[in-house]
Amino acid sequence: MGKSRRTVPEELLLLALDPTTGTTAQPQTLDLGLAGAQLVELSLAGRIVPEGDRIAVVLARPTGDPTLDHALELLRRRGSPVRAAHWIGGPRLGLRQTYLAHLERCGMVTAVPGQVCGVLPTIRYQASDDCTNAAIKQRLDTAIRTGVPPDPRTAALAALAHSVGLGKHLYPGNEGRSSRSRLRDLIRYDPLGGMVAHAVMDVQNGLPAQQNRSSQGSGAAAGRPGARTAGRGSGGRVPASRVGAR
């Protein structure tokens with residue numbers, strides 16, 4: 001599907017790819033980020049709009065991207081606006097693998113078969129064009145370094161990268177601490193991206209079920225930056241900034 005512009009989910013996954021190991025950082029949370037990135041891309045394409053903390057379909061016409069169109073059809077079938085956190089936390093496991101296969105079909109990554117301990121088969125993924133990955137990262141670096149408000153696509157990408165904990169992958173160590181902080185701050189430059197990123201963090205922190213039981217007044221917290229870690233029923237929550245196993 002020869003496109004000149006990459007979608008937000010594609011860029012998020014490319015950012016997460018480790019060029020050394022061929023695996024993705026934050027594999028436990030990346031599926032959530034990709035589901036959120038689909039919402040951002042569908043909004044940029046004029047197919048959905050936010051209604052508070054809910055998402056409403058306003059144009060059901062396919063985009064031409066099979067992965068996005070599948071998500072759009074699922075949203076359309078809901079028939080009424082759906083909470084972003086409920087959508088992101090829905091039973092759509094394997095989105096990371098779906099997008100890896102999608103990127104391979106598009107020629108953006110190459111699958112490299114291998115073995116673990118010389119026995120177990122495994123597949124690693126290498127970006128086909130390092131310049132493309134460098135250009136994506138450069139957009140974030142420029143926004144962080146200059147403080148100039150980024151375009152909505154870059155702001156949403158930064159918000160999603162922060163929400164799934166990619167900050168330590170992109171800007172590791174003590175020397176990357178200030179960059180990680182600025183990456184988090186970019187969330188304020190795109191209202192929809194920020195809302196979706198907060199929904200991703202809510203799902204990680206176990207909040208959707210709680211929100212479903214609580215009054216609508218609890219939605220007022222949706223505009224606050226950063227992961228929510230305080231409140232009732234937080235015993236089993238996972239910090240949004242945790243580092244994945246790989």
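The values are calculated or read from the model by the stated rules, or taken from the named source; none is laboratory data. Every value quoted in this text rests on a predicted model; they were computed, and no experiment measured them. Because the Cβ atoms are built from the backbone with ideal geometry, glycine has one as well, and the counts that use them run over all protein chains shown. With ligands, DNA and RNA removed, areas are computed over all heavy atoms of the protein, side chains included. Shrake-Rupley method; radii C 1.70, N 1.55, O 1.52, S 1.80 Å.
Below, the figures for the structure above:
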item: Of all residues in the stretch 25-65 being of a type in the set (G, A, S) and assigned to a helix (DSSP H, G or I), the one that is nearest to A156 (Cα to Cα); result: A37
item: Any chance A199 is open to solvent by less than 40 Å² (accessible area, probe 1.4 Å), without any contact (Cβ under 8 Å) to a residue 40 or more places away in the chain, within 23 Å of Q28 (Cβ to Cβ) and not hydroxyl-bearing (S, T, Y); result: no
item: D130 vs. criteria more than 26 Å from T63 (Cα to Cα), of a type in the set (D, E, K, R) and at pLDDT below 90; result: yes
item: Close pairs from the stretch 64-76: first more than 11 Å from H102 (Cβ to Cβ), partner open to solvent by less than 50 Å² (accessible area, probe 1.4 Å) and of a type in the set (K, R), Cβ under 6 Å, at least 6 apart; result: L72/R47
item: Matching residues in the stretch 73-89 - criterion: being surrounded by 14 or more Cβ atoms within 10 Å (Cβ to Cβ) and either part of a loop (DSSP other than H, G, I, E, B) or touching a Leu at 6+ places or on another chain (Cβ under 6 Å) (or both); result: P81, I88, G89
item: Conditions (1) open to solvent by less than 40 Å² (accessible area, probe 1.4 Å); (2) charged (D, E, K, R); (3) modelled with pLDDT under 90; number of the one not met by R92; result: (1)
item: Checklist (1) assigned to a helix (DSSP H, G or I); (2) polar (S, T, N, Q); (3) in contact (Cβ under 8 Å) with a residue 60 or more places away in the chain applied to T21, failing item; result: (1)
item: Qualifying residue in the stretch 125-147 (condition: more than 21 Å from the chain's Cα centre (by Cα), surrounded by fewer than 13 Cβ atoms within 10 Å (Cβ to Cβ) and of a type in the set (A, V, I, L, M)); result: no
item: Inter-residue pairs, beta-carbon under 9 Å, first touching a residue at least 12 places away in the same chain (Cβ under 8 Å) and in the stretch 181-193, second among the aliphatic types (A, V, I, L, M) and not in a helix (DSSP H, G or I), 6+ apart; result: L183/L166; L192/V49
item: Of all residues making up the stretch 33-54, the number that are more than 12 Å from L68 (Cα to Cα) and open to solvent by less than 50 Å² (accessible area, probe 1.4 Å); result: 3
